[in-house]
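Quick notes on the structure that follows.
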């Protein structure tokens, strides 16, 4: 079933395969990988719409060497019957949203680290992504430009260190390395880092996986690799590159700064970091940018909002300017709006 085209569902009235069919195996990855690369995300049912958006963007770009890890059986079933290649992570996760910093949030972080450790021994390059990001351009040719890198990571950098599409100048990167988008090669240094990272997050269930990653990577950091794009890090042998935040965008560099526009570059990705209002805020940001995969009916409201700007002078200019008078003005304008059906 892993050779089936994405978005092609199983035959009508087909039964759900046995749990064994969804176990992560080398053969499963081999069936989906292309040119030695597999692209992976994971999540629970609360992020179904994000996952479908993530898959839709990749398939629209012609990238189908992907897999989705399901952290609960509800998501597993939903993705299978929608024709999305999915495997069971065995996480037994709840289906609700995991708030940032909650025990469930930290569990999801540990599951990501365990997943990386499970995938790297299969011998494929791994582009690991969070579900709250979308791809705008096929990243695989870009990543292939740096074949010597053991690891290429995104970052929270908000000031550009380069003005073209080359890797960031690692000497000038002050933002944290962000593990929402990073590309692993199955090298020995990368596998050692993944194992040490796993041991670290398992030892403390309150440790944020991203902080642990940054601490490990920066243990030995600063010796340039020949060519200067990469830096030796972690154990002094792992070759690390930092993806440019202008085109592998954070929520700040994409939505707030529009850094790619300022530098006249084409963005590859946007990760909805630096956002308010939790998951709802991330979803809204992507919808505002028309990057979220919604049913056409979402954008086709049956009515429209009509507003006639007629504000009494007394509300606008008279009296003291206080919080109360401000809300009198706001409420007047809100009640002046008429929804026409």
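List of remarks:
- Cα centroid separation - the stretch 156-173 against the stretch 110-132, whole Å: 25 Å
- Residue order, fewest to most surrounding Cβ atoms within 10 angstrom, among 158, 134: 158, 134
- Rounded to the nearest 10 degrees, the inclination of helix 103-119 to the longest alpha-carbon principal axis of the chain is 40 degrees.
- Exposure proxy ranking, count of Cβ atoms within 10 Å, fewest first, for 292, 47: 292, 47
- q = 0.11 Å⁻¹: log10 I(q)/I(0) that the Debye formula gives for the chain, counting C-alpha atoms only: -0.77
- Each residue, residue 208 and residue 226, gets one label point 7 Å from its Cα in the Cβ direction; the gap between the two is 3.9 nm.
- When only alpha carbons of the stretch 1-94 are considered, Rg and Dmax amount to 12.3, 35 Å.
- Ranked for footprinting exposure by Cβ neighbours inside 10 Å, fewest first, 110, 287, 185, 171 give 171, 287, 110, 185.
- Gyration tensor analysis over the Cα atoms of the stretch 139-254 returns equivalent ellipsoid semi-axes of 22, 17, 13 Å (largest first, whole Å).
- Theoretical gain in end-to-end length, residue 315 to residue 280 [0.36 nm per residue, Cα-Cα removed]: 9.2 nm
- Angle between the chain longest axis and helix 73-82 axis [Cα atoms, degrees, rounded to 10]: 90 degrees
- Spin-label proximity, residue 218 to the stretch 174-210 - amide N less than 14 Å from point 7 Å beyond Cα toward beta carbon: 174-179, 210
- Share, in percent, of DSSP beta bridges within the stretch 19-298 that are antiparallel, nearest 5: 50 percent
- Helix axis angle, 48-60 relative to the chain longest principal axis, alpha carbon, degrees: 70 degrees
- Kirkwood analysis of the Cα pair distances in the stretch 242-341 returns a hydrodynamic radius of 17.3 Å.
- Computed from the Cβ-Cβ distance with R0 of 45 Å, the FRET efficiency linking residue 8 to residue 165 stands at 0.85.
- The distance between label points at residue 192 and residue 117 comes to 1.7 nm (points 7 Å beyond Cα on the Cα→Cβ vector).
Laboratory data are not the source of any read-out in this text; all were calculated from the coordinates shown. A quick note: this is a predicted structure, and the numbers were derived from the prediction, not measured. Neighbour counts run over all protein chains shown; Cβ positions are idealised from the backbone, glycine included.
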